[in-house]
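Peer 1: Here's a structure for you.
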Amino acid sequence: MAYVDGFVVPVPKKKLSAYRAMARKAGKVWREHGALEFRECVADDVKKGKWTSFPRSVKLKTNETVLFSYIVYKSRRQRDRVLAKVMKDPRLAKMMKPDAMPFDGKRMIWGGFKAIVDL
């Protein structure tokens, strides 16, 4: 079964095009190193819940939107190999610095997930 890295990120609306450009560049690198899929999805039908929701999870501000992103791999083992290569790739070094990111990385949520259903 596949392995998935998932991310929820608050992005200022005025920096959405910069985020998209960064994501396209990063996605190409991830795919070159072996990721099966690389997706960046902007909130479209995401409401602030009473107790929990995507907006609440990242402490969304009024001038921001939520992005849900995921990267698919063959397995956890393959993900670990791909990620090691990606983190050393010089094409991403500049954009990985906190002050170069078009979002607040401190409010990003991420994790790795084992697929349990794959249709």
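Peer 1: Which pairs break 31 Å Cα to Cα here: Lys59/Lys94; Lys25/Lys61; Lys13/Lys50; Lys74/Lys94; Lys48/Lys94; Lys85/Lys114? Kindly include the intermediate steps, with their values, before the conclusion.
Peer 2: Details: Lys59/Lys94 26 Å; Lys25/Lys61 26 Å; Lys13/Lys50 23 Å; Lys74/Lys94 28 Å; Lys48/Lys94 33 Å; Lys85/Lys114 21 Å.
Result: Lys48/Lys94 exceed 31 Å.
Peer 1: What nm distance separates the two modelled labels at Ala18 and Arg56, each placed 7 Å from Cα along Cα→Cβ?
Peer 2: Computed distance between label sites Ala18 and Arg56 equals 3.0 nm.
Peer 1: Just want the ordering: Met87, Met22, from fewest to most Cβ atoms lying within 10 Å of their own Cβ. Mind showing how you got there, number by number?
Peer 2: Details: Met87 11, Met22 19.
So the ranking, lowest neighbour count to highest, is Met87, Met22.
Peer 1: Provide the FRET efficiency to the nearest 0.05 for the Arg31-Asp99 pair, computing r from the beta carbons and using R0 = 30 Å. Could you put the intermediate results ahead of the total?
Peer 2: Numbers: r = 26 Å, r/R0 = 0.88.
That gives a FRET efficiency of 0.70.
Peer 1: Additional query: Based only on other Cβ atoms within 10 Å, what is the fewest-to-most ordering of Asp44, Asp89? Don't skip to the answer; put the middle values down first.
Peer 2: Numbers: Asp44 7, Asp89 14.
So the ranking, lowest neighbour count to highest, is Asp44, Asp89.
Peer 1: Between Lys85 and Val42, what is 0.36 nm times their sequence separation minus the Cα-Cα distance? Round to one decimal in nm.
Peer 2: Contour length minus the Cα-Cα distance gives 12.8 nm.
Peer 1: Under the Kirkwood approximation for Rh and a Cα-based Rg, what ratio Rg/Rh is obtained for segment 3-114? The partial results should precede the final answer.
Peer 2: Working: Rg = 14.3 Å, Rh = 14.7 Å.
My calculation of the ratio gives 0.97.
Peer 1: Taking neighbour counts of Cβ atoms within 10 Å as a proxy for exposure, in what order, fewest first, do Trp110, Trp51 appear?
Peer 2: On the way: Trp110 12, Trp51 5.
In increasing order of surrounding Cβ atoms, one gets Trp51, Trp110.
No value in this document is a laboratory result; all are computed from the given coordinates. Here the structure is a predicted model, which is why all the values come from computation and not from measurement. As a convention, Cβ positions derive from the backbone with ideal geometry for all residues, glycine included, and neighbour counts pool all protein chains shown.
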